[in-house]
Structures are given as C-alpha cells and as structure tokens.
Amino acid sequence: MVGKKVAVNRGGTGEYLLARALEKEHVPLNQVERVYLGPADAGPAFAQGKVDAWAVWGSFLAMAETEYRGRIVATGGDIGSKNDIIYVVRTGFLEQHPDVVKSVYEVLKQQSESASNNPIEALTAYGKAFKLSPSVVNVLSKRIEKPLASINAEELNRISTVVDWFFQKGIIPKKPDVANFVVDIIK
C-alpha cells in the first residue's frame with residue numbers, strides 16, 4: 001500500500017482500520033496517502049479508480065465487494081481491531097429528554113437482540129429500507145453484529161485504549177477522557 005491512495009473517513013472507522021493494518025505490517029502511516037471521504041463519496045471514488053483502496057466497514061464493505069469488485073486485503077479481526085458501534089446523544093438533548101433517550105436505547109437494544117436472533121429477516125428489512133442489492137444483503141448475512149449492550153467498566157477500558165491509540169498515532173489532536181462522555185441512561 002506504500003504510496004497508494006486510500007479512501008478513509010477522517011478520524012473514524014476507516015482511518016482507524018487503515019492505521020491498524022499499516023501498523024501491523026510495520027508501514028508508517030505517512031507512507032500512504034489518506035483521501036478523506038465519507039462512505040457515500042468514497043464508494044464511487046473507489047469504483048472509478050480515483051483511489052487505490054478503501055478502508056471501510058459494514059454494508060459499505062459488502063458494496064465494495066459485490067458492486068465495485070473490491071477484494072478484502074484484511075479484516076478487522078486480522079488486524080486486531082477493537083472498534084465498536086457507539087451511539088451518542090447531545091448533552092443538551094439528554095438533559096431535556098432523558099426519558100426519550102432511555103426509550104430509544106430500549107428500542108435499539110430490543111431491535112439488535114431481535115436482529116441477532118433473526119438475522120435473515122432483519123437483513124432483508126435493512127436491505128429494503130436502505131435499497132441494498134440482494135448480493136449486498138447476502139454478504140451482510142454472514143456478518144451479524146453482536147447485540148447492543150450498555151458500556152460497563154471493561155468496555156470503557158477497551159474504548160479508552162482505542163482513543164489512546166488514536167491520539168498516539170496523531171489521528172486526533174487531543175486525548176479526551178472517555179469516561180466523561182459516557183452516561184448510564186438505565187438509571
């Protein structure tokens with residue numbers, strides 16, 4: 001990948017996955033040209049050859065494989081990714097509407113448990129809602145996410161490790177204290 005252009009989302013999952021993969025292969029991050037694009041723009045750039053690779057996840061990875069004829073170089077598991085899906089809410093909204101936030105969390109939790117227990121049904125609905133091709137849905141059906149869970153001490157430590165790593169690599173300019181941004185909405 002040295003000297004190649006790789007589409008990533010700035011400071012997000014794509015940049016994290018690229019940096020982890022390069023680190024595993026002992027390639028300095030500055031030896032690859034990161035092209036900062038959101039997934040909606042990165043897919044077409046990849047398909048048109050404007051970038052050489054795309055560090056991507058989820059349904060976008062499935063699209064890269066099926067619709068853009070991309071090949072997987074490494075998976076998150078291959079590179080030791082500790083990345084997660086994290087839901088956030090603005091502090092002001094949480095303070096004004098704690099019951100709404102709690103209700104949304106409960107619905108997300110129920111839906112993720114249902115999706116884990118009924119993956120084909122869930123992915124069919126997901127594919128229809130997001131107008132995904134049957135081939136993308138088929139690829140996604142082999143990669144079911146674990147159910148949603150609230151952040152406990154172990155998860156907080158793992159997330160903090162990822163944040164520390166982002167800071168050490170210079171991907172983010174300041175190192176936030178993750179614990180200051182976690183709220184227990186179950187109380």
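The values are calculated or read from the model by the stated rules, or taken from the named source; none is laboratory data. Everything numeric in this text was worked out from a predicted model, so none of it was measured. In this analysis, Cβ positions are derived from the backbone assuming ideal geometry, glycine residues included, and neighbour counts consider all displayed protein chains.
Within the stretch 128-155, the set of residues being under 18 Å from PHE181 (Cα atoms) and among the hydroxyl-bearing types (Ser, Thr, Tyr) comprises just one member, SER150.
Give me the helices (runs of 4 or more DSSP H) completely within the stretch 24-105, filtered to those with at least 3 residues that are surrounded by fewer than 14 Cβ atoms within 10 Å (Cβ to Cβ), ordered by residue number.
On the way: elements: 39-47, 58-66, 76-79, 91-96.
Hits in the stretch 24-105: 91-96.
Screening ALA115 on (1) on the phi > 0 side of the Ramachandran plot; (2) in contact with a helix residue (DSSP H, G or I) (Cβ under 6 Å, 6 or more places away or on another chain) shows it passes everything except condition (1).
For TYR105, the test of being in the same structural domain as ILE151 (by TED's automatic domain parsing) and within 30 Å of ILE186 (Cβ to Cβ) is passed.
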